[in-house]
Amino acid sequence: MAQLSSATDNINLSLSHPGLSAIAAKVAQGTRITDEDALLLFEEASLPFVGSLANAIREKMHGDTTYFNRNFHIEPTNVCLYTCHFCSYSRVYAHRDEGWELSLSQMMDIVKKYDGKPVTEVHIVGGVHPKMNLEFFAELLRMIKAHRPELHIKGFTAVELDYMFRKAKKTVAEGMQYLHEAGLDSLPGGGAEIFHPDVRNQICADKVDGDGWLAIHEAAHNLGMHSNATMLFGHIEKYEHRIDHMRQLRDMQDRTKGFNTFIPLKFRNGDNDMSHVQESSLVEDMKMYAIARIYLDNFPHMKAYWPMLGRQNAQLSLSFGVNDIDGTIDDTTKIYSMAGSEEQTPAMSTAQLVTLIKQARRRPVERDTLYNVIRDYNDIDIKEIETNPLLN
Ligand code: V47
Ligand code: SF4
């Protein structure tokens with residue numbers, strides 16, 4: 001009870017603040033908030049205040065439905081030409097013997113491992129290796145589609161695509177069309193980091209800039225493909241930079257409507273050049289999800305990526321605007337375990353994901369990449385999920 005009254009006190013206090021109560025009124029009317037409003041939320045609103053607004057939006061859009069999907073990852077290489085200071089995962093080309101480089105047949109062996117298993121998506125993402133070019137990846141896409149045509153291929157960050165297209169001397173539109181025809185279905189949201197050059201030039205100066213990232217996603221949207229968008233937060237950026245980043249995404253989404261999901265990614269400081277930068281607190285993380293849900297009114301979905309955030313915090317985020325917790329994944333993804341995440345072997349069975357979502361009193365629904373419903377798990381007994389290989 002004491003906790004409950006302090007939460008309501010916090011909301012009441014915020015409502016006596018004229019700026020915050022005006023934002024609450026906008027949210028209630030479904031009116032878009034401004035950049036100044038977003039700054040006020042970051043600087044002055046309490047967690048329960050932003051949480052209650054974000055949750056109201058989430059429940060209006062999706063009720064209790066919480067999506068997950070069944071996917072697996074292929075990370076072709078961690079050798080990378082770039083030197084993002086936050087990255088714990090990559091190995092520079094000169095030290096490529098310390099990293100990994102998968103051949104086409106090794107990647108197809110990963111795909112074949114899932115034969116007969118009810119996965120709907122493969123997520124392909126990795127470093128930027130000078131020898132893995134557009135033709136190499138087009139061939140991979142063709143091989144995957146020949147083997148399993150219905151598998152949705154979500155692949156390559158705008159950083160990888162920018163390098164491939166430039167090296168092949170193709171325009172962004174030509175390169176995208178080429179990969180789409182080879183089998184690429186959609187783009188993941190990686191590589192966005194923080195668009196603003198004041199921050200980008202300090203943390204990842206040598207890869208594609210913010211405009212370039214946006215142009216690649218716009219080219220995909222123009223072909224009818226969908227994509228996600230991420231933002232790496234909780235390091236040296238200021239609130240203004242987060243808002244600038246989200247404004248550019250919101251503006252583009254007004255034009256193209258091609259983004260499915262926004263994924264705020266919490267900076268993890270393990271074993272990288274930015275290890276001296278303190279990680280953000282859980283309160284700050286939950287505020288980030290909530291404010292993103294409030295600000296990005298034209299983004300259908302908000303995702304918490306559990307391998308990075310941890311299972312319990314991902315569960316908590318379901319009360320702060322999040323309606324998607326990614327997928328069952330598998331233990332092959334290394335980008336976060338190498339950056340200090342508690343999830344050293346990120347794999348969750350469907351039964352575990354369903355339990356996690358139900359414990360938060362939400363409705364677990366399996367989706368495909370484009371958010372078509374595959375199965376509502378709410379009324380399926382957990383024992384049945386555990387024992388039926390088609391469900392688990
Ligand atoms: O762009 C790298 C991030 C991203 C660190 O679209 C780090 O469904 C925190 O974008 N601390 C790649 N983050 C992963 C990614 C992604 C993941 C899951 C789903 C989807 C999707 C996309 O990982 C990079 C970068 O922002 N990252 N290092 C770090 N130390
Ligand atoms: Fe390379 Fe991506 Fe790591 Fe940057 S974040 S160094 S582009 S693997």
Under the condition of being out of contact with any Gly (no Cβ under 6 Å at 6 or more places or on another chain), outside any loop (DSSP other than H, G, I, E, B) and not β-branched (Val, Ile, Thr), which residue from segment 69-87 is farthest from ligand 2 (Cβ to nearest atom)? Phe72
Restricting attention to segment 196-213, and to residues there that are within 12 Å of ligand 1 (Cβ to nearest atom) and touching a helix residue (DSSP H, G or I) at 6+ places or on another chain (Cβ under 8 Å), which single residue is nearest to Val92 (Cα to Cα)? Lys207
Looking at Glu218, Glu160, Glu237, can you tell me which residue is in contact with a Gly (Cβ under 9 Å, 6 or more places away or on another chain) and within 16 Å of ligand 1 (Cβ to nearest atom)? Glu160
Does Ile194 satisfy the condition of being among the β-branched types (Val, Ile, Thr), within 30 Å of Thr34 (Cα to Cα) and surrounded by 20 or more Cβ atoms within 10 Å (Cβ to Cβ)? yes
Would you point out which residue out of Met143, Met132 is away from ligand 2 (no atom under 16 Å from the Cβ) and surrounded by 14 or more Cβ atoms within 10 Å (Cβ to Cβ)? Met143
Would you confirm whether any residue within segment 106-122 is within 16 Å of ligand 1 (Cβ to nearest atom) and touching a helix residue (DSSP H, G or I) at 6+ places or on another chain (Cβ under 8 Å)? yes
Would you be able to tell me the number of residues in segment 226-240 that are buried (at least 19 other Cβ atoms within 10 Å of the Cβ) and over 18 Å from the mean Cα position of the chain (by Cα)? 1
What residue, of Asp109, Asp97, is at pLDDT below 95, in a helix (DSSP H, G or I) and either of a type in the set (Asp, Glu) or within 24 Å of Asn392 (Cα to Cα) (or both)? Asp97
Could you please give the count of residues in segment 292-308 that are within 13 Å of ligand 1 (Cβ to nearest atom) and either within 15 Å of Asp244 (Cα to Cα) or out of contact with any helix residue (DSSP H, G or I) (no Cβ under 6 Å at 6 or more places or on another chain) (or both)? 6
Among the residues of segment 133-176, the number that are of a type in the set (Gly, Ala, Ser) and in contact (Cβ under 8 Å) with a residue 60 or more places away in the chain is 0
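The values are calculated or read from the model by the stated rules, or taken from the named source; none is laboratory data. From a predicted model like this one, the values you see are computed outputs, not experimental measurements. Every residue, glycine as well, gets a Cβ built from its backbone with ideal geometry; the counts of neighbours run over all protein chains shown.
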